[in-house]
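Participant: Here's a structure for you.
The values are calculated or read from the model by the stated rules, or taken from the named source; none is laboratory data. No experiment lies behind these values; they were computed from the predicted model shown. Positions of Cβ are generated from backbone atoms using ideal geometry, with glycine treated the same way; all protein chains shown enter the neighbour counts. Note: areas computed on protein heavy atoms with side chains; ligands, DNA, RNA excluded. Shrake-Rupley method; radii C 1.70, N 1.55, O 1.52, S 1.80 Å.
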Amino acid sequence: AGVHRQVLFATVGWFVGYYVAKRADYIHAKRDRELFEYIRHHPEDFKKREKKRIGELLEDFHPIR
């Protein structure tokens with residue numbers, strides 16, 4: 001007797017979830033576009049750092065005996 005309700009709620013839930021996911025993707029894409037545009041117009045605030053080698057990042061190894 002309740003199978004039709006389950007199918008209805010599953011269908012409604014799928015559509016709501018689909019549109020909520022699309023809305024979230026739109027909001028995140030809009031924010032990314034605004035941030036990248038800001039970065040492009042203000043390069044002095046986002047200077048590239050020189051890359052470090054892996055040996056500069058790790059501490060020296062001293063075995064304990």
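Participant: Less than 16 Å apart at the alpha-carbon level, and either on another chain or at least 8 residues along: which lysines does that give for residue 30?
Facilitator: 22
Participant: Additional query: Treat each spin label as a single point 7 Å out from the Cα along the C-beta direction, and report the residue 60 to residue 48 distance in nm.
Facilitator: For the pair residue 60/residue 48, the computed spacing is 3.3 nm.
Participant: Can you list the GluC sites (Glu not before Pro) in the chain that are in a DSSP coil and have 16 or fewer other beta carbons within 10 angstrom?
Facilitator: Answer by residue number: 50, 59.
Participant: Can you give the accessible area of residue 32 in Å² (nearest 10), computed on protein heavy atoms with a 1.4 Å probe?
Facilitator: Ignoring ligands and nucleic acids, residue 32 comes out at about 80 Å².
Participant: Calculated from the structure, Rg/Rh (Cα atoms, Kirkwood Rh) equals which of (1) 1.06; (2) 1.18; (3) 1.44?
Facilitator: This structure yields the entry labelled (3).
Participant: What full-extension length gain, to one decimal in nm, is calculated for residue 18 and residue 37 as 0.36 nm per residue of separation minus the Cα-Cα distance?
Facilitator: 4.0 nm
Participant: Follow-up. HN-Hα J couplings of the stretch 17-23 from phi, Karplus 6.51/-1.76/1.60, θ = phi - 60°, integer Hz, Gly and Pro as x?
Facilitator: x, 4, 6, 5, 5, 5, 5
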